[in-house]
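Visitor: Starting off with a structure, shown below.
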Amino acid sequence: MPKIFIDAGHGGKDPGAVNGDIYEKDIALQIALKLNNALKNNGFETSMSRSTDVFIPLAERAKKANKFGADFFVSIHLNSAGNSSANGIETLVYENKGVNNQLATNIQNELIKITGATNRGIKEQKKLVVLNSTKMPAVLIEVGFISNFSEGTLLLFNSCQKGIAQAITNGICKYFKKEVKGMAKVENVQDALKILHEKGVINSVDYWVKAVDIVKYLDALIINMANKIS
Ligand SMILES: [Zn+2]
């Protein structure tokens, strides 16, 4: 089973690009969590640099992915420009050839197909730590411009974030020659607990809500379980 490392850009004290109340770190995380869900639903083994709003240094992100032994690294970011009309999606790679090029092309094509956004293409970037310090093929996707009012607003919507996560999943599935499945039905821990309660797996939803606050990664486990039995 291919291992995919998902990196949600920025986090914690580093908000990334900001436009009013819209923070890059938040949207990047929301898309990354949806991507994690979709990839797992398609049978990939995944690991994330962060699944909450915490600061993680760049070198540590690459180190984590190397340690995980990922077959592919995907980082989610949002773009920003002084010119507020700048828009579209681009995928960055360390070197635009071989596996990097194939994965980036698959993903970029799916993203443009699903979102209809401007295709800014695949670009080489030598200076990004997550691209030059990861030992596996790696891409960094700028899923849209936070500095562009309509694109930034659109990116706040759940449906848009889901579309982006699904497009990236489609691109990855295509490369690994896997048939694409839709996203897992249950996405949040509240819905998951409701299902587990209905199926008689748990007695007290309140107890598990408290437990999720205390025990790391328990939420992911619960969501996974609900998806398996629902
Ligand atoms: Zn960024």
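Visitor: Working only within the range 20-48, note down all residues that are among the basic types (Lys, Arg) and touching a strand residue (DSSP E or B) at 6+ places or on another chain (Cβ under 7 Å). Spell out the reasoning first.
Guide: Filtering the range 20-48 down to residues among the basic types (Lys, Arg) leaves 25, 34, 40.
25, 40 - these are the residues of the range 20-48 that are among the basic types (Lys, Arg) and touching a strand residue (DSSP E or B) at 6+ places or on another chain (Cβ under 7 Å).
Visitor: Can you give me the number of residues within the range 3-19 that are out of contact with any strand residue (DSSP E or B) (no Cβ under 7 Å at 6 or more places or on another chain) and either surrounded by 24 or more Cβ atoms within 10 Å (Cβ to Cβ) or not polar (S, T, N, Q) (or both)? Before the answer, list the steps.
Guide: Keep residues of the range 3-19 that are out of contact with any strand residue (DSSP E or B) (no Cβ under 7 Å at 6 or more places or on another chain), which gives 10-14, 18-19.
Still in the running and either surrounded by 24 or more Cβ atoms within 10 Å (Cβ to Cβ) or not polar (S, T, N, Q) (or both): 10-14, 18.
Selection size over the range 3-19: 6.
Visitor: Answer with yes or no whether residue 49 is within 16 Å of the ligand (Cβ to nearest atom), in the same structural domain as residue 150 (by TED's automatic domain parsing), at pLDDT 95 or above and within 14 Å of residue 152 (Cβ to Cβ).
Guide: Numbers: within 16 Å of the ligand (Cβ to nearest atom): yes; in the same structural domain as residue 150 (by TED's automatic domain parsing): yes; at pLDDT 95 or above: yes; within 14 Å of residue 152 (Cβ to Cβ): no.
Considered against the rule, which asks whether it is within 16 Å of the ligand (Cβ to nearest atom), in the same structural domain as residue 150 (by TED's automatic domain parsing), at pLDDT 95 or above and within 14 Å of residue 152 (Cβ to Cβ), residue 49 comes out as no.
Visitor: How about the range 87-205: which helices (runs of 4 or more DSSP H) wholly inside it have at least 2 residues that are under 17 Å from the mean Cα position of the chain (by Cα) and surrounded by 21 or more Cβ atoms within 10 Å (Cβ to Cβ)? Let's see the steps before the verdict.
Guide: Details: elements: 98-115, 129-132, 149-154, 158-175, 189-198.
Filter on the range 87-205 gives 98-115, 129-132, 158-175.
Visitor: Which numbered condition in (1) over 17 Å from residue 150 (Cα atoms); (2) within 15 Å of the ligand (Cβ to nearest atom); (3) of a type in the set (S, T, N, Q) is the only one that residue 80 fails?
Guide: For residue 80, the exception is condition (1).
Visitor: Looking only at residues in the range 20-31 that are crowded, with 24+ Cβ neighbours inside 10 Å and β-branched (Val, Ile, Thr), which one is nearest to the ligand (Cβ to nearest atom)?
Guide: Within the range 20-31, the match that is nearest to the ligand (Cβ to nearest atom) is 27.
Visitor: Which residue pairs have Cβ atoms closer than 8 Å, lie 6 or more positions apart in sequence or on different chains, and pair a first residue in the range 203-229 that is under 11 Å from residue 187 (Cα atoms) with a second residue that is among the hydroxyl-bearing types (Ser, Thr, Tyr)?
Guide: Qualifying pairs under 8 Å: 220/51.
Visitor: Still on this structure, I have one more. Would you check which residues across the range 108-120 are out of contact with any strand residue (DSSP E or B) (no Cβ under 6 Å at 6 or more places or on another chain) and in contact (Cβ under 8 Å) with a residue 24 or more places away in the chain and list them? First the steps, then the outcome.
Guide: Taking the range 108-120 as the starting set, the residues that turn out to be out of contact with any strand residue (DSSP E or B) (no Cβ under 6 Å at 6 or more places or on another chain) are 109-110, 113-116, 118-119.
Correct list: 109, 110, 113, 114, 115, 118, 119.
Visitor: Against the conditions (1) out of contact with any Ser or Thr (no Cβ under 7 Å at 6 or more places or on another chain); (2) at pLDDT 95 or above, where does residue 41 fall short? Just the number, please.
Guide: (2)
Visitor: Sort out which residues of the range 67-77 are more than 16 Å from the ligand (Cβ to nearest atom) and surrounded by 15 or more Cβ atoms within 10 Å (Cβ to Cβ), and write them in order of number. Even if it seems obvious, please write down each step before you answer.
Guide: The initial filter retains those residues of the range 67-77 that are more than 16 Å from the ligand (Cβ to nearest atom), namely 67-72.
If the condition is that a residue be more than 16 Å from the ligand (Cβ to nearest atom) and surrounded by 15 or more Cβ atoms within 10 Å (Cβ to Cβ), then 68, 70, 71, 72 are the ones that fit.
Visitor: With respect to residue 135, is the statement that it is in the same structural domain as residue 18 (by TED's automatic domain parsing), over 26 Å from residue 185 (Cα atoms), of a type outside the set (A, V, I, L, M, F, W, C) and away from the ligand (no atom under 16 Å from the Cβ) true? If you could, list the steps in order and put the result at the bottom.
Guide: Values: in the same structural domain as residue 18 (by TED's automatic domain parsing): yes; over 26 Å from residue 185 (Cα atoms): yes; of a type outside the set (A, V, I, L, M, F, W, C): yes; away from the ligand (no atom under 16 Å from the Cβ): yes.
Yes.
Visitor: Do the conditions hold for residue 223, that is, is it closer than 16 Å to residue 33 by Cα, touching a strand residue (DSSP E or B) at 6+ places or on another chain (Cβ under 8 Å) and in a helix (DSSP H, G or I)? Can you show your working first?
Guide: On the way: closer than 16 Å to residue 33 by Cα: yes; touching a strand residue (DSSP E or B) at 6+ places or on another chain (Cβ under 8 Å): no; in a helix (DSSP H, G or I): yes.
So residue 223 does not fit the description; no.
Visitor: Follow-up. Quick check on my filter: what residues within the range 1-40 are farther than 24 Å from residue 147 by Cβ and part of a helix (DSSP H, G or I)?
Guide: 36, 37, 38, 39, 40
The values are calculated or read from the model by the stated rules, or taken from the named source; none is laboratory data. Predicted, not measured: the structure shown is a model, and the values here were computed from it. Please note: Cβ atoms are built from the backbone with ideal geometry, for glycine as well, and neighbour counts cover all protein chains shown.
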